Amino acid sequence: MSKDRLIIFDTTMRDGEQSPGASMTRDEKIRIARALERLNVDVIEAGFAIASPGDFEAVKAVAETVRNCSVASLARAAARDIEEAAAALKNAVRPRIHTFIATSPIHMQYKLQMTPAQVLDQAVRSVRQARNHTDDVEFSCEDASRSEFDFLCRIIEAVIAAGATTINLPDTVGYGEPGQYGEFVGRLIRAIPNAGKAVFSVHCHNDLGLAVANSLSAVMHGARQVECTINGLGERAGNASLEEIVMAVRTRADVFPVETRIVTEEIVPASRLVSSITGFPVQPNKAIVGANAFAHEAGIHQDGVLKHRETYEIMRAQDVGWSTNRLVLGKHSGRAAVRARFEELGITFETREELESAFRRFKELADKKHEIFDEDLQAIASNVSVGDAAERYQLVALEAVSHTGEKPRAQVTLTIDGVERRSAAEGDGPVDAVFRAIENEVHSGTTLQLFSINAITTGTDSQAEVMVRLERDSRIVNGAGADTDIIVASAKAYLHALNVMAGAVRAHPQISGI
């Protein structure tokens, strides 16, 4: 018996970006969009066009880049929002306008200060306006899980009649419980007379750790679109995780009456790309994409897997993009071989200059490491063309000294706008000393909000990938750096963040909350 299609709506670049510190540049969104296209998601929500000129340009660029997926822009149920969304999506192959308004009593009374009748009227007018631009219109009832059932029936019936083709029922504050939420979705579908003319969708937040469970429960009760993000990224505790939704449906095909068109082998590469761009590392025990997701340490487990993999594994690591193959390349490898392996990993470069930069970094790393892994190549690619900002600050040389019982000190040589500068400083540790030495010259006025280190591969010669998050005047930016020397990686990450801060980076987009 054939199964229904479950539409995968990815909102990593919109709701995921609303995580504090996860703001993405136009070029970074294009890179993620290409990864999502390789993943074969059905809909890419590229942003919130009216939020800022930067968001508008990012949505426009993604719409012009993506050819095989629908591209959506969020818009409040307001005329100007919808016109901006339509303009940004003008060149999309399959544009979708996603408009929303709050429907719960608490939101209507305290946030909107509107009556239910006014909310219903505005929703209908907005959907009609959106339909003037595209046949693909999604309408979201913000805070649906705390909305009154009868009012939801009235407003959903009205917006479907006005032309909405997808109805989204967000669990905006993560209040839902799987049994109750799924049954709630099913009741709505049964109660609304024209429900058959629209696809019902869910968008669940993870405040109680139930976003995936709530989404899957809704699927069992008739929802045929799930809104989710790579790595479960999103504001507060995040959203339903795309990789968990997709692999649950695939692994438990005996339970779920749906299937997706996702190319699952692209899941891990997409996860790593999003992590490197946003600066949000993936926890080792994260399902599907965590470093330990397919690792076995207990002797009983190891024995069972060696005898028959299925004793302790319900999925194949290779099916989601994990690979145990080592990269057989070294310092004598040429550009063609290195480029071919990048392409096998789904990594492409837009310009010859980007490829040359990646190849140069590969050669530098090959001189430091005996063995190079796919993860090393992915780290190299993540640090090539990492943002829009020009390289105003560049690291020339670094020396850090740390002795037991003495205060660590560092000396750095930088170029600032092409002019070489030297500075020294002491700190609480060698990394702190390096950052202080840099600040002695740049005087950035930023506050360090996050500093994290992850080993890219195993072994003492592993590259360290450092993530730095800086804030200044409500702007939050991330910097990334990788090197076999942790201190050097830290300096690279800090300078990268400063370069991004010096560029045209917009304030963090804390605007919508569906």
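The values are calculated or read from the model by the stated rules, or taken from the named source; none is laboratory data. This structure is a prediction, so every number in the text was calculated from the model and none was measured. Heads up, the Cβs are rebuilt from the backbone with ideal geometry, glycines too, and the neighbour counts pull from every protein chain shown.
Side notes on the structure shown:
- Residue that is nearest to the chain's Cα centre (by Cα) [pool: residues in the stretch 24-45 that are crowded, with 24+ Cβ neighbours inside 10 Å and farther than 16 Å from GLU64 by Cα]: MET24
- Residue within the stretch 73-91 that is in the same structural domain as THR172 (by TED's automatic domain parsing), modelled with pLDDT under 95, in contact with a strand residue (DSSP E or B) (Cβ under 6 Å, 6 or more places away or on another chain) and surrounded by 23 or more Cβ atoms within 10 Å (Cβ to Cβ) present: no
- Residues located in the stretch 431-448, provided they are surrounded by 16 or more Cβ atoms within 10 Å (Cβ to Cβ), out of contact with any Lys or Arg (no Cβ under 8 Å at 6 or more places or on another chain) and not aromatic (Phe, Trp, Tyr): VAL431, ASP432, VAL434, ARG436, ALA437, ILE438, GLU439, VAL442
- Filtering the stretch 126-165 to residues that are among the hydroxyl-bearing types (Ser, Thr, Tyr) and surrounded by fewer than 21 Cβ atoms within 10 Å (Cβ to Cβ) leaves THR134, THR165.
- Of the residues making up the stretch 396-441, just one is at positive phi and touching a residue at least 24 places away in the same chain (Cβ under 8 Å), namely ASP417.
- Cross-chain or 6+ apart pairs with Cβ under 8 Å, the stretch 333-360 first and under 16 Å from ASP374 (Cα atoms), then part of a loop (DSSP other than H, G, I, E, B): ALA337/LEU329; VAL338/LEU329; ARG341/LEU329; PHE342/THR348; PHE342/PHE349; ALA358/PHE349; ALA358/VAL384
- Yes/no for ALA336 being surrounded by fewer than 19 Cβ atoms within 10 Å (Cβ to Cβ) and at pLDDT 70 or above: yes
- Residue within the stretch 347-362 that is among the β-branched types (Val, Ile, Thr), within 27 Å of the chain's Cα centre (by Cα), surrounded by fewer than 14 Cβ atoms within 10 Å (Cβ to Cβ) and modelled with pLDDT of 80 or more present: yes
- Candidates VAL59, VAL71 - the one that is free of Cβ contacts under 8 Å to residues at least 40 places away in the same chain, farther than 27 Å from LEU120 by Cβ and in a strand (DSSP E or B): VAL71
- Helices (runs of 4 or more DSSP H) wholly inside the stretch 169-260 containing at least 2 residues that are in contact with a Leu (Cβ under 7 Å, 6 or more places away or on another chain): 178-191, 242-251
- Residue within the stretch 100-114 that is within 23 Å of ARG187 (Cα to Cα), assigned by TED's automatic domain parsing to the domain that holds CYS204, surrounded by fewer than 16 Cβ atoms within 10 Å (Cβ to Cβ) and not basic (Lys, Arg) present: yes
- The stretch 16-57 - residue that is acidic (Asp, Glu) and in contact with a strand residue (DSSP E or B) (Cβ under 6 Å, 6 or more places away or on another chain) and, of those, farthest from VAL268 (Cα to Cα): ASP55
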